[in-house]
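A short worksheet on the structure shown next.
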Amino acid sequence: MELKEYQKKTLDVLFKYLESLYEYRLKNITLTQTDPEFAIDYPKMAWEKTIGCKYISRKNALGKPLPNFYIKIPTGGGKTFIACHAIDLVNKIYRKRQTGLVLWVVPTTQIYRQTLKSLKNREHPYRQVLDISSGGRTQIVEKTERFSKQDIEENLVVLLLMLPSAARKNKEVLKVFRDSGGYTDFFPPEDDRTENKRLLDAFPNLDCFEEKDVFGAKIVKTSLGNVLRILQPIIIIDEGHKAYTPNAKSTIEGFNPCLILELSATPPKGSNILVNISGQELNREEMIKLDMHIVNKSTTDWKEAMLASIQKRNFLEEKTKEYYSSTGENIRPINLIQVERTGKDQRHSKYIHAEDVKEYLIQQCKISPDEIAIKSSEKDDIEGIDLMDKDCQIRYIITKQALQEGWDCAFAYILTILTNPGSQVSITQLVGRILRQPFARKTRIPELDESYVYCFRQKAKDLLASVKKGFEEEGLGDIYKRISFKEDDGEIDETKEQKIHYRKSFQKFEGKIYLPKFVIQEEDRWRDVHFDIDILSQINWNEIDVEPVKNLTLSSLETKEQELTVGLSSEIEEVIQVSDSTSLNGGFDVDTLFITRHIIDVIPNPWVAHEIADNVLGSLIKKHKDKKIVANNIVYIIEELKKTLIKERDRLAENIFKDMITKKKIYFFLLSDKGAYELPRSITVRKNLKRLVRDDNAQIQRSLFEFVPEDDMNQLEQYVAIYLDEQEKLLWWYRNMSRQDYYIQGWKKNKIYPDFVFTTKEEQKDNDYNDIYVIETKGIHLKNEDTDYKKNVFELCNEIGSKKEWKEINSEFGEKGIEFQVIFEDEWKKRIHEIFG
């Protein structure tokens, strides 16, 4: 599973913070070795250095500084995937180890089951990230399962725990602190008073029995809770803002964590927010179904609203057949139906009951019972069913509130609200259940890339308020306006779409502005270059050079790691020291299939991937004459192999791409009949979107279209747009929309969608344009290999363009030039100023 851009940004920020955190932690150790009074708040100092905003300090139960922060990410943004990558970074950068304990805390049974299922499945991307991090030595355990001291020393152990919103004395919490006798190897013998005293001196918050031994000494419980306190785990908290009271949070801090990472769509006030991902960023990465269309039927009969939503679902299923025929991917649209009652003793009342709806669907709508499921506290027809499986028949799920938090199925397209206007049943949390986009990418069939809500006799104001609240609780408040609301067949004006045309002064350019694209001639037509078909398929994997990996120097010991060790001096005083330690990873076999699974995203052919993995492993075993040495370095080998394969794939792809240009198999054309891109003649926006204005609140004047929504731009893009609009030598500018407008397909899979297209004025004619500029803006934190690639592609475009006499192939374009540029956040004003002189 590839990381999305916002996920890469998140992990990049986390990486930098952890580097700084490690640096200041070592400084703190050095200072406190001289005098404990010299201790510094190293999490705060690291935060201020890398993040810059205010940091709220916390301490664990041992009184030590506790690094704690939130990653704010909307529902559907891949919190679990990010958490797995975060564990890898924390271990590598901050803890300097591959093994140890992670306590993963979730708030609900639904989330617990989903997370456990994913993490235990070795084929799931979440588990694969953890396996790469640990070298295939990952254990996923529940609180009822035992793990040993050796397990912790040799594996990455992830303990999944459901801690409800409750105080310390909650039944579930008490189970964790119960003396079970199953963890004795973490504790000294009960009769060893000296070691028990040392343990309690090091960890004074360990739970002890009320009765003391015959010498009056405390006896430590050999409980799971005490094991957690001794191991000082990384703690991952999923949706903490909804599930944990202050008392419960105190319990978590009482586990003596070394770091707490919380993931939430809506962190509470006063949180340390490391990264704030917006709904717009998810939308740009095609993670959610927008727009959302709400139809409020004026009828008093719930059956009419139900029937309308059935018709919509059937229509969507017909669209999925089109999608399947072109992609081979199956989508089965699901209609979530919210009723007022589900209890078996509540049916014969004035309220709309789940069984009434099911009966209506079967008897009057002729829907098969196999396609209908009820999900309630009493009845769970979807328990253990994979709703995404192609053989699953379920198309309707009837519920009251049971599908709120934690339920996840990207096939859910429609929410049908069968609650009366005065009902107290909330729709707020159900809204988010239909937003996730199947396969995390748009289908390019508009109806399958949007979501739908049907209801009846709802008060428009109250309904929209509930939906808005739902968006906000899902972390999507910034895209709430992507809602279309209809009262039967009439729309409310303030949310209606409107078509925007060119400004009057620019209308003469309509249909005459073209941008070049890389195209291929296929018989008598021209088509866009496709990476998989035209480039990847031509790579000769035998030309991959993996010699650097085959010649890696491996150590019989793990790389020396600098780690913190808690020890005791002869005076029984706690000391913390930094030591270099080495340990042998005995007992792990070399697994070619394990490596193959982790390079298959680079080499799509599993047979070739397996052959390469086998070749590399065979060479390394032959070189080092010991499988155990290879096994000890398996993570290092995989990391280096993936780096090499990606580098080699990109090298060969670039050669193929440029060779096809030289041999005139790929062209960079401007003519519309040969595949060039024509700027749209109109755009569609919603009336209630905020208009982009200049810094002095004056209307923008030089945008190609009369209206430019502010919502479609991040802060840097807004700055650039406004600055462009103020340039006297600029004729017009256009905001190029990602995933739907102009793009360049280079020799890597992802298309390049520039941010802006703008033109300078013709010197002799103020109302005509001279050169066209295509620019991509990048934040400073995104200066990386991907940015270098985009710069190289743009340079190639400029090189090809400079050799062309555009006037010979496009009379409208004449002698005008086209220039492509990548502009960074720390230089954008200077670069734009250079363009306009």
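The values are calculated or read from the model by the stated rules, or taken from the named source; none is laboratory data. Being a predicted model, the structure only gives us computed values, none of them experimental. Reconstructed Cβ throughout: ideal geometry from the backbone, glycine too, with neighbour counts over all protein chains shown. Surface accessibility is based on the protein's heavy atoms, side chains included, excluding ligands, DNA and RNA. Shrake-Rupley method; radii C 1.70, N 1.55, O 1.52, S 1.80 Å.
Points to keep in mind about this one:
- Set of aspartates and glutamates with alpha-carbon distance to Lys49 below 14 Å, sequence-local pairs under 8 removed: Glu19, Glu23, Asp41
- Using a Förster distance of 30 Å, the FRET efficiency for Met388-Gln740 (Cβ separation, nearest 0.05): 0.70
- Ligands, DNA and RNA left out, the 1.4 Å accessible surface of the range 215-347 is 47% carbon and sulfur atoms.
- The loop-placed trypsin sites (Lys or Arg not before Pro) in the range 218-312, going by DSSP, that have at most 10 neighbouring Cβ atoms within 10 Å of their Cβ come out as Lys269.
- Potential extension, Glu2-Lys461 segment - 0.36 nm per residue separation minus Cα distance: 161.2 nm
- Nitroxide proxy distance, nm - points 7 Å out along Cα→Cβ at Ser505 and Ile29: 6.5
- All C-alpha pair distances within the range 623-721, sorted into 10 Å bins from zero, spread as 11, 20, 14, 21, 19, 10, 5, 0 percent across the bins.
- Using a Förster distance of 35 Å, the FRET efficiency for Ser148-Tyr636 (Cβ separation, nearest 0.05): 0.85
- Cross-link partners of Lys628 among aspartates and glutamates (Cα-Cα below 20 Å; sequence separation of 8 or more within a chain): Asp131, Asp151, Glu153, Glu154, Glu558, Glu561, Asp589, Asp591, Asp614, Glu639, Glu640
- Segment Ile219..Glu523, full-extension length gain: 101.0 nm, with 0.36 nm per residue of separation and the alpha-carbon distance subtracted.
- FRET E, pair Cys365, Cys53, Förster distance 60 Å, beta-carbon r, rounded to 0.05: 0.65
- Take the Cα of Glu785, go 7 Å toward its beta carbon, and none of the backbone nitrogen atoms of the range 537-555 fall under 13 Å from that spot.
- Cross-linked pairs Lys665/Lys751; Lys312/Lys442; Lys550/Lys625; Lys643/Lys778: Cα-Cα separations exceed 21 Å for Lys643/Lys778.
- Chain lengthening between Asn551 and Arg444 when straightened (0.36 nm per residue, less Cα-Cα): 33.9 nm
- Under the simplified labelling scheme, the Asp771-Ser537 pair shows an inter-label distance of 3.8 nm, with each label point 7 Å from Cα along Cα→Cβ.
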